1. Based on this model, can you work out whether Asn131 counts as surrounded by fewer than 21 Cβ atoms within 10 Å (Cβ to Cβ) and not assigned by TED's automatic domain parsing to the domain that holds Phe81?
2. Let me spell it out: the conditions are (1) under 23 Å from Ala96 (Cα atoms); (2) crowded, with 17+ Cβ neighbours inside 10 Å; (3) in contact with a strand residue (DSSP E or B) (Cβ under 7 Å, 6 or more places away or on another chain), and Pro198 meets all of them except one. Which number is the exception?
3. Hey, can you tell me all the residues within the stretch 207-229 that are farther than 19 Å from Val162 by Cβ, surrounded by fewer than 20 Cβ atoms within 10 Å (Cβ to Cβ) and either within 14 Å of the ligand (Cβ to nearest atom) or touching a residue at least 24 places away in the same chain (Cβ under 8 Å) (or both)?
4. For the stretch 141-164, state whether one or more residues are within 23 Å of Asn61 (Cα to Cα) and away from the ligand (no atom under 16 Å from the Cβ).
5. Among the residues of the stretch 130-150, which ones are under 18 Å from Glu172 (Cα atoms) and of a type in the set (S, T, N, Q)?
6. Output the number of residues of the stretch 22-69 satisfying the condition of being modelled with pLDDT under 50 and either surrounded by 13 or more Cβ atoms within 10 Å (Cβ to Cβ) or in a loop (DSSP other than H, G, I, E, B) (or both).
7. Scan Gly157, Gly111 and give me the residue that is farther than 29 Å from Asn68 by Cα and out of contact with any His (no Cβ under 8 Å at 6 or more places or on another chain).
Amino acid sequence: MDKLLIRDCIIIFAVLLTSFTDIFRDTKIKPESTPSVHAKQNNGSIHVDTNPESISVLVNNLHKLPENYSPSELIYADIPFVFQEKTEKQKMRKEAAEAINQLFTEARTQGIYLLGVSGYRSHSTQTVLFNNYVSKDGYDKARTYSALPGTSEHETGLAIDVTGGDGRCPAEDCFGETKEAIWLEEHAAEYGFIIRYPKGKEAITGYKYEPWHLRFVGKSIALKIMKKRITLEEYFHAEPVNK
Ligand SMILES: [Zn+2]
């Protein structure tokens with residue numbers, strides 16, 4: 001009788017232990033399966049980064065910045081620009097500004113002269129700019145070369161348009177043929193920048209080829225993207241913009 005009681009106790013204990021373990025496992029799994037505000041689950045292994053303060057934030061026509069977002073720590077980039085006036089266009093997020101300073105300095109030592117064209121653009125500036133394009137070319141055409149307010153990388157303070165030292169092809173296709181563009185293609189990633197809108201990737205990025213538009217994402221991601229010749233969308237396994 002006593003033996004039976006002991007055996008029953010052992011069985012009950014084992015059942016209780018199993019249930020307890022299950023409950024414990026459940027409570028451990030739950031927080032991981034809850035989608036985070038900053039990351040969205042997708043079919044790839046890397047989550048889309050939509051945290052606006054992250055240096056690898058994905059901003060495109062499908063991933064908008066929060067309404068009236070303004071980045072932290074904007075400083076003037078210490079590089080020559082095509083214009084002299086100190087305006088917001090000469091600013092970038094601190095990390096990106098320091099990186100572009102280094103890139104320009106190193107390029108110069110290698111005989112490559114670059115000029116900044118346009119860095120940070122506030123939400124209100126982008127709105128004015130976009131509306132001007134719409135009144136000039138109509139909404140549909142404007143959308144092919146200008147971003148809707150809230151979807152421009154320039155609003156992150158992490159992007160900058162550049163051109164060659166002679167200032168000949170600022171934000172124009174002919175820049176792609178220049179030795180400056182070829183140097184950027186080869187070396188930008190060493191400073192944490194990618195050519196954000198490469199040739200032949202229009203259906204993924206939603207933009208035509210822009211050899212002048214550099215986007216800071218940090219060295220580690222930039223090297224992977226440029227080596228594999230992919231886009232930020234492909235890096236995150238995010239859905240293409242023009243499906
Ligand atoms: Zn640009």
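The values are calculated or read from the model by the stated rules, or taken from the named source; none is laboratory data. Everything numeric in this text was worked out from a predicted model, so none of it was measured. Please note: Cβ atoms are built from the backbone with ideal geometry, for glycine as well, and neighbour counts cover all protein chains shown.
1. No.
2. (3)
3. Leu223, Lys227, Arg229
4. yes
5. Correct list: Thr144, Ser146.
6. Of the residues in that region, 9 qualify.
7. Gly111
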